[in-house]
């Protein structure tokens, strides 16, 4: 939602990564920013209106990004996408960093405008092949922000490490960095930053996208 400079750049980047994209904006003229090579869907309307969202394909969407110029519109649209249509991978851009903690409590990852980059958005939206946050000089070890299925909420970080073979570098909780210990429990709204071998990234993503293994 939102076809300003940020939204247009993000839509083109996701399409280049091989995914289908739909873009919503109230101003039909805004779609010119996408360029003539863009092959995705464009929908003119209000981004939190359910008819508009359905026209854009929200019922089959893997991810939703709210990047319009209004904080309230972005968070409302993100909540509708997640709570009404069950889209798990949702992110909202905000202009007021002071609201970030409130939004994190609602379970909506946010990116403040002053910190925004397309890489930050892509790490929260795309499956398998996230842009790493850090890569060692050899290119073999990375730190990547990982999506985690809701079923992992309440499990210890040591369970996550055991299942993925990686090491949790840190968590982001309510907008603050947290260095976990063995008994730290993964909570709703946490962002998980995992250190692992680059070759193991896709496997770790598949593990965290499914329910935890049974301990019985």
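Dividing the mean sequence gap of close Cα pairs (under 8 Å, 6+ apart) by how many residues the range 134-208 holds gives a relative contact order of 43 percent. Relative to the dominant Cα principal axis of the chain, helix 5-16 is inclined by about 70°.
Of all beta bridges that DSSP places with both ends in the chain, some 60 percent have antiparallel geometry. At residue 172 and residue 44, where each label point lies 7 Å from the Cα along Cα→Cβ, what is the point-to-point distance in nanometres? Here the answer is 3.6 nm between the modelled labels. Computed from the C-beta positions of residue 62 and residue 163 and an R0 of 30 Å, the FRET efficiency is 0.85 to the nearest 0.05. Largest GNM mean-square fluctuation across 89, 155, 193, computed for the chain with C-alpha springs under 10 Å, falls on 155.
Between residue 185 and residue 72, the modelled labels are 3.6 nm apart [label points 7 Å from Cα along Cα→Cβ]. Please give the contour-minus-distance gain from residue 27 to residue 135: 0.36 nm per residue of separation, less the Cα-Cα distance, rounded to one decimal in nm. Roughly 34.9 nm would be gained on extension. The relative contact order of the chain, computed from alpha carbon pairs under 8 Å that lie at least 6 residues apart in sequence, is 15 percent.
Relative to the current alpha-carbon distance between residue 16 and residue 200, full extension at 0.36 nm per residue lengthens the span by 63.9 nm.
Only the coordinates and a few stated rules stand behind these numbers; no lab work does. All values reported here derive from a predicted model rather than from experimental measurement. Counting neighbours? That spans all protein chains shown, and the Cβs are built from the backbone with ideal geometry, glycine included.
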